[in-house]
Each structure stands twice: as C-alpha cells, then as structure tokens.
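Everything below concerns the one structure shown next.
The values are calculated or read from the model by the stated rules, or taken from the named source; none is laboratory data. Worth saying up front: this structure is predicted, and the values here are computed from it rather than measured. Here the Cβ is made from the backbone with ideal geometry for all residues, glycine too, and neighbour counts use every protein chain on show. With ligands, DNA and RNA removed, areas are computed over all heavy atoms of the protein, side chains included. Shrake-Rupley method; radii C 1.70, N 1.55, O 1.52, S 1.80 Å.
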Amino acid sequence: MSPMATDALQTGFEEYIRRSLEQPGRSRFVEATGIRLHYLEWDGPPGAPTLLLLHGFDSSHLEFRRLAPLLADQHQLIIPDLYGFGFCPRPADGDYSPRGVLAHLEALLAELQRTNPAELLYPESFTFLHHVEGRRGLRRRPEWEFELGTARKLLCQQFGTQDLVGFGVE
C-alpha cells in the first residue's frame with residue numbers, strides 16, 4: 001500500500017474515532033409492557049430521517065457501535081436492545097420467541113412515539129422554551145390554535161367525527 005493511501009486510511013480512522021467519542025449516543029430506558037426496556041438514541045442533524053437499527057438474536061445494541069457514528073452524520077438513530085438481550089431484563093418466564101420479542105419492540109416504539117413525538121407544537125406565548133430546546137420538530141403556532149373550542153373543532157374535522165368521545169377526550 002502506498003504511503004498516501006496509508007495516510008488517508010489513518011486520517012479516516014482518526015476522524016471516525018473522534019466522531020465516536022464526541023457523540024457516543026445516549027443510553028435510555030423506557031417502561032413498556034411493564035418491563036424496563038433499553039435503547040440508544042443518537043441525534044442527527046435537525047430534520048434528519050430516523051433510522052431504527054435492530055440487532056440479531058443473542059446480541060445487543062453494541063453490534064452497531066462502529067456503524068452508528070457514521071450514520072449519525074445524516075440520521076437520527078434509535079438502537080434498541082431487543083427483549084431479553086443487552087441491557088433489557090431476561091425474566092425466566094419471558095417469551096423470547098420472535099413473536100414475543102416483536103411484541104416488546106412494538107411496545108417500545110409506541111412508547112417512544114408517545115414520549116418523543118415527531119412534531120411538538122407550542123404557542124407564541126410559551127415562555128419555557130429552554131425545556132424543549134434541541135427537540136426535533138418544534139413548531140411555534142398562533143395562540144388561537146390552542147383554544148379548546150378551536151382545537152376540538154379542528155380535531156373532529158381531521159378525524160371526520162362529530163365529537164371526540166371515542167378518543168376518551170370528552
């Protein structure tokens with residue numbers, strides 16, 4: 001290998017290590033199906049698409065420790081530990097079949113969507129912006145959009161319903 005190629009490889013490797021150390025991802029836990037499930041979250045650029053990286057059986061989120069820093073330049077990353085693997089618990093009576101693991105994965109993703117929505121609307125008068133800074137999908141909206149009557153009307157219109165009773169709101 002030529003010295004120039006060796007230098008390029010060394011520079012690329014050093015850049016990769018620097019990025020890995022700068023942004024190692026955040027280890028998080030979420031309660032879903034009564035179980036404390038683990039995942040890693042990597043922030044990409046604002047508005048970047050989200051990638052869900054799933055490891056195989058008998059593995060963990062660590063399977064992506066080399067790939068994640070490279071993908072995080074252009075993507076938001078969610079890297080869960082599948083039920084019974086990595087930092088997730090492994091109860092003796094747990095269902096570790098593909099169907100059982102999928103049920104926990106679906107519960108994890110539903111909880112993430114509930115607690116970290118793709119879009120977060122806030123009124124113009126919102127004074128606690130420091131609490132939500134850095135969140136993706138922040139949208140400042142006019143005050144009238146947050147009036148209860150207007151919100152009910154818009155939601156009924158959006159869902160094509162007469163009321164919101166079926167959603168447990170009224």
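Of the strands (runs of 3 or more DSSP E) lying entirely inside segment 59-169, those containing at least 1 residues that are polar (S, T, N, Q) and open to solvent by less than 90 Å² (accessible area, probe 1.4 Å) are 76-80.
Answer yes or no as to whether H38 is touching a Cys at 6+ places or on another chain (Cβ under 9 Å) and in a helix (DSSP H, G or I). Answer is no for this residue.
L102 falls short on exactly one of the conditions (1) under 15 Å from R28 (Cα atoms); (2) at pLDDT 85 or above, and that condition is (1). From the list E145, E170, E111, E119, the lone residue that is under 18 Å from T50 (Cβ atoms) and either in contact with a Ser or Thr (Cβ under 6 Å, 6 or more places away or on another chain) or at pLDDT below 85 (or both) is E119. Among the residues of segment 30-43, the ones that are closer than 19 Å to A103 by Cβ and free of Cβ contacts under 8 Å to residues at least 40 places away in the same chain come to 1 in all.
Annotation note: of D58, D81, the sole residue that is at pLDDT 85 or above and among the acidic types (D, E) is D81.
This table checks each residue for (1) in contact (Cβ under 8 Å) with a residue 12 or more places away in the chain; (2) under 18 Å from R26 (Cα atoms).
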{"residue": "P45", "(1), (2)": "yes, yes"}
{"residue": "E63", "(1), (2)": "no, yes"}
{"residue": "P69", "(1), (2)": "yes, yes"}
{"residue": "H75", "(1), (2)": "yes, yes"}
{"residue": "Y83", "(1), (2)": "yes, no"}
{"residue": "A107", "(1), (2)": "yes, no"}
{"residue": "F128", "(1), (2)": "no, no"}
{"residue": "E143", "(1), (2)": "yes, no"}
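Identify all residues within segment 142-170 that are closer than 22 Å to P123 by Cα and either of a type in the set (V, I, T) or touching a Cys at 6+ places or on another chain (Cβ under 9 Å) (or both); write none if there are none. Residues satisfying the conditions are T150, V169. Y96 meets all of the listed conditions (1) hydroxyl-bearing (S, T, Y); (2) under 25 Å from G56 (Cα atoms); (3) in contact (Cβ under 8 Å) with a residue 40 or more places away in the chain but one, namely (3).
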